[in-house]
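Asks: The structure under discussion is supplied below as structure tokens; questions concerning it will follow.
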Amino acid sequence: MTKPHSYSDIGVVLARRNFGEADRILVIYSKNHGKTSLIAKGVRRPKSHKRGHIEIFNLVNYQAVSGHGLDLMTEADVIDDFKEIRNNLKKVSLAYYFCEVIGKITHGNEVNLEVYNLIIENLGKLKSTVELKALRLDFVLRLLTILGYWPKGNVLSNHDEKLEEVIERQLSSIRVGKSMLE
């Protein structure tokens, strides 16, 4: 599928890393484009208008332009910053875990509306739930089922082991998440 020169979408910021002097590379799981890497030019400058909009696990409405390499983010507006999560260390840890898992188990530009809805739903539940361990285990089971790595309706005894088997590497946030949620 070829993208139009300019496009807009809605998505969750999964990861970000600094690039050059003032830019940032973002990984966003979006509704219509799947996992996408974008460059946000000048966003690290103090006067940047996009700066606060592109924090990890923010739900953003964004516009981008297709480039030769990475697409260029031109606009970004926060739809939900999940501030209820950001005040609780355990909930922040679990939100980072969700983002890392989605980032590592999905491939670029593969659109999956069920995965998109799963991350949005779980970040929403995270705002008010106190059952963090149950939410984490349910998230992993549902994600593995959606992506076809686990049969629907079957019980999964070791979520973390199966997840790391599928992604073929260890998750950095798993250690923190497990110790905080036990």
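Asks: If we restrict to alpha carbons, what Rg and Dmax does segment 6-80 come to, in Å?
Replies: That works out to 10.9, 31 Å for Rg and Dmax.
Asks: Could you work out the local net charge near Thr106, counting Lys and Arg as +1, Asp and Glu as -1, over the other residues with Cβ closer than 13 Å to its Cβ?
Replies: -1
Asks: For Ile167, what charge total do you get from the other residues with a beta carbon under 12 Å from its beta carbon, if Lys and Arg give +1 and Asp and Glu give -1?
Replies: With Lys, Arg at +1 and Asp, Glu at -1, the net is -3.
Asks: Defining a contact as two alpha carbons under 8 Å apart and six or more residues distant in sequence, what relative contact order in percent does the chain show?
Replies: Once normalised by length, the contact order is 20 percent.
Asks: Given a cut-off of 27 Å, name the pairs among Lys133/Lys162; Lys47/Lys125; Lys125/Lys162; Lys31/Lys91; Lys35/Lys83 whose C-alpha atoms lie farther apart than that in the structure shown.
Replies: Lys47/Lys125
Asks: Percentage of Cα-Cα pair distances in the chain greater than 20 Å, rounded to whole percent? Please report the intermediate quantities before stating the final value.
Replies: Working: 8845 of 16471 pairs.
Value for the chain: 54 percent of Cα pairs lie more than 20 Å apart.
Asks: If you take every residue apart from Glu84 with its C-beta less than 14 Å away from the C-beta of Glu84, what net charge results, scoring Lys and Arg +1 and Asp and Glu -1? It would help to have the intermediate numbers written out before the result.
Replies: Details: positive: Lys83, Arg86, Lys90, Lys91, Lys125, Lys127; negative: Asp80, Asp81.
Net of charged neighbours comes to +4.
Read the figures in this text as sums done on the coordinates, not as results from a lab. This one's a predicted model, so the numbers in the text were calculated from it and none came from an experiment. With ideal geometry, Cβ positions are generated from the backbone for all residues, glycine too; neighbour counts draw on all protein chains shown.
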